[in-house]
1. Take every residue in peptide A:25-34, count the Cβ atoms of other chains within 10 Å of its Cβ, and give the average of those counts.
2. Can you pull the one-decimal nm distance between simple spin-label points at A:ASP95 and A:GLN168, each 7 Å off the Cα toward Cβ?
3. For chain B, compute Rg over Rh where Rg is the Cα radius of gyration and Rh is the Kirkwood radius from the inverse mean 1/r over Cα pairs.
4. Round to the nearest 0.05 the FRET efficiency obtained for B:ASN34 and A:LYS72 when R0 = 45 Å and r is the Cβ-Cβ distance.
5. In whole Hz, with x marking every Gly and Pro, tabulate ³J(HN,Hα) for region B:137-150 from phi via Karplus 6.51 cos²θ - 1.76 cosθ + 1.60, θ = phi - 60°.
6. For B:ALA6, what residues show an amide H to amide H distance below 5 Å, using hydrogens built from the backbone and excluding near sequence neighbours?
7. Per-residue mean of other chain beta-carbon atoms within 10 angstrom of the beta-carbon, peptide B:10-18?
8. Please work out the FRET efficiency for the pair B:THR165 and B:GLN83, using the Cβ-Cβ distance as r and a Förster radius of 22 Å; give the result to the nearest 0.05.
Amino acid sequence: MKGAGDFFEPLAPPPPPSEPPRPKPWEQPDDIVGREVPLEVVIARSQTIAIIINRLTAYPNGFAFNLSLRAKPGHEMASDGFHGWRRRGASVPSDEILRFGIQFADGSKVTNLQVFAYGAPGPPTPPILLGGGGGGSSNRSDFFFWVWPLPPPGPLLFVTEWPIEGIQLSRYEISSDAIRQAAEAAGHELL
Amino acid sequence: MQFRLARSPNGVVTIRHLVAHSNGLEFQLECLVNQPPEDAEELMGFLGRPYYTKRSSDPSRLPDGLFRFGVRLADGSKATTLQAPGMWHGTSLSAFSGRPEQPILLPMGSGSSGAPRLLQAVFWLWPLPPAGRITFVCEWPLLGISFTEHEIDATPIREAAARSTQIWPK
């Protein structure tokens, strides 16, 4: 009779660890050192809130940046602004939701109210705005964003609106030149 | 200001977005990883996150997987990411009773896309460094990055800070 020791079959060897997936062509690269664009601007403000764009980094296929919410000292923001706007039954975002978007010189635009189909084989329709993750306190918070593709020559608009914090629809224009020049420099620093 | 701090065949460390404020220096630190290690958990050693528990077999040595980063200031003082356990999460000035005796590097979040080969952190160096040289230092044996220093002149950054306007003037 066989011994009890060979009743249970040994485990199959584990599969070899797979490499983490590489970013898609419309995502922030992980093999290029992005070039900073020195830009720190208040794109909108009210009595209680200032909205700032900074930490802008350019790549050949787009740019990343930080969107910063800074409340007046002593003021607490009603919400972090970005999350949960698709409340059950709502077809429009409530006044609590911070609307944010960008518009290229060719008129194409994208906003944070559009749902992006992560995982779709793609490529998506440009431009796209990814991210929106981050956080902080009720007085200051920071959110990471990524835009694909690189904006064409000409004006680039940052557009915001935050009704509950008194921010009317605001358009802040910069030239895309600095981003495009930085992107050109970034392309020459491949790992 | 942006500069390359260190490089190996498997990693590039970059500092960018240096901004001086009245009470500190803010900057972004990035490490691009070429070939992640087989044990992906080793990358948790970026900035000594509290759940990175690997230890070197020799207690007098730091584990190879632990990323080491710091600054040396013109007055000889220094701040490193190894000063406090769990540096990644929730370290703030309130954790110190009284005024810290030496400069402190405070992590302010990653603010990145989260891609596995793209490691980023935003730091706040308190207090504002004195005028003169600042030396940035890093080392990461896991990625073959040997002890590397890069010196910059803090004076232009401080001058830019003096010209900046406050978001909410007092």
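1. On the way: counts 0, 0, 2, 5, 5, 11, 7, 3, 9, 6.
Average per residue, whole number: 5.
2. 1.6
3. Details: Rg = 16.2 Å, Rh = 16.8 Å.
We get a ratio of 0.97 for chain B.
4. Numbers: r = 45 Å, r/R0 = 1.00.
The value I calculate is 0.50.
5. Residue by residue, region B:137-150 yields 10, 8, 6, 8, x, 3, 9, x, 8, 7, 3, 9, 10, 9 Hz.
6. Placed amide hydrogens put B:VAL13 under 5 Å from B:ALA6.
7. On the way: counts 1, 1, 6, 1, 6, 1, 8, 10, 2.
Counting Cβ atoms of other protein chains within 10 Å of each residue's Cβ and averaging gives 4.
8. On the way: r = 33 Å, r/R0 = 1.48.
The calculated FRET efficiency here is 0.10.
Rule-based calculations on the coordinates, nothing more; no lab input. Keep in mind it's a predicted model, so treat the numbers as computed, not measured. Heads up, the Cβs are rebuilt from the backbone with ideal geometry, glycines too, and the neighbour counts pull from every protein chain shown.
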